[in-house]
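A short worksheet on the structure shown next.
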Amino acid sequence: MKFTILRSLLLCSCLLFVGLTGLFAEDHGAHRDLAKQHPFSIAPIVALDECDPASFNAMLGADFCKNVALGAATTFQDLFAKAAAGTPDPGWDFEPDTLKIMEGTTLVVTDQGGEPHTFTEVKKFGGGFIDALNSGEPTVDECEGGFKNVEVARTRILQGSQMQVTGLAKGTHHFECCIHPWMRMTVEVK
Ligand SMILES: [Cu+2]
């Protein structure tokens, strides 16, 4: 009797340990596979950046960039200089970079950066609507016209807000930011 209880306790501890290990292991990957797990209804994605409020707001107006990333210090001028050099700032990023989901899963994209982004589906990755940030790549059709194009405007995400993407068909989908086109992610729907 005692032995059975002890064995159960041991089994429970093991399961708990395996569960916790799984949790911690999963959280830090840039490539997330939710398709192998219990069907998820929501897949979280974050947009990140490190805009420096002083220089961005001097160019683009008060409150364009909010200081949410402590110590964010990429100036407006640095961001453009790095993009022009073909080495865009990696602090502007969607996480994860790749994602596998089951059909029917909703993508919930949260802008945790300091400035606005777009999460725009494109056939093929390429340039956004600000030539000087495109590192020489031509603007993709889906970003053409910038926010004057209602299809682009409706994919805009403001700081601290979320957008949802539903109804993705099975197959591979590419998303990029039409402002900072090196922010890219691929979603595979199974
Ligand atoms: Cu962006």
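Pairing residues of the stretch 50-61 that are crowded, with 17+ Cβ neighbours inside 10 Å with residues that are basic (K, R), at Cβ distances under 8 Å and at least 6 apart in sequence or on separate chains, gives P53/K66. Residues in the stretch 115-127 that are away from the ligand (no atom under 11 Å from the Cβ) and under 16 Å from the mean Cα position of the chain (by Cα) were compared, and the one that is surrounded by the most Cβ atoms within 10 Å (Cβ to Cβ) is V122. G145 fulfils the conditions (1) within 17 Å of the chain's Cα centre (by Cα); (2) surrounded by fewer than 22 Cβ atoms within 10 Å (Cβ to Cβ); (3) more than 14 Å from the ligand (Cβ to nearest atom) except for a single criterion, (1).
Of all the numbered requirements in (1) among the β-branched types (V, I, T); (2) touching a helix residue (DSSP H, G or I) at 6+ places or on another chain (Cβ under 8 Å); (3) within 27 Å of G61 (Cα to Cα); (4) in contact (Cβ under 8 Å) with a residue 24 or more places away in the chain, T139 misses one, and that requirement is (4). When I130 is tested against the conditions (1) touching a Pro at 6+ places or on another chain (Cβ under 7 Å); (2) within 14 Å of the ligand (Cβ to nearest atom), the lone failure is (1). Out of M185, M163, I need the residue that is out of contact with any His (no Cβ under 6 Å at 6 or more places or on another chain), in a strand (DSSP E or B) and either under 28 Å from A62 (Cβ atoms) or not assigned by TED's automatic domain parsing to the domain that holds A43 (or both). Which one? Among M185, M163, only M163 is out of contact with any His (no Cβ under 6 Å at 6 or more places or on another chain), in a strand (DSSP E or B) and either under 28 Å from A62 (Cβ atoms) or not assigned by TED's automatic domain parsing to the domain that holds A43 (or both). The residues on offer are T74, T106, T87, T98, and the sole one that is over 24 Å from V165 (Cβ atoms), within 20 Å of the chain's Cα centre (by Cα) and away from the ligand (no atom under 14 Å from the Cβ) is T87.
Scanning the stretch 112-147 for residues that are over 21 Å from A73 (Cβ atoms), in contact with a strand residue (DSSP E or B) (Cβ under 7 Å, 6 or more places away or on another chain) and polar (S, T, N, Q) turns up T118, T120, N134, T139.
Of these, T98, T106, which one is β-branched (V, I, T) and out of contact with any His (no Cβ under 9 Å at 6 or more places or on another chain)?
That would be T106, the only listed residue that is β-branched (V, I, T) and out of contact with any His (no Cβ under 9 Å at 6 or more places or on another chain).
The values are calculated or read from the model by the stated rules, or taken from the named source; none is laboratory data. Note that the structure is a prediction, hence the values are computed from the model and not measured. Neighbour counts are summed over all protein chains in view; Cβ atoms, including those assigned to glycine, are modelled from backbone coordinates with ideal geometry.
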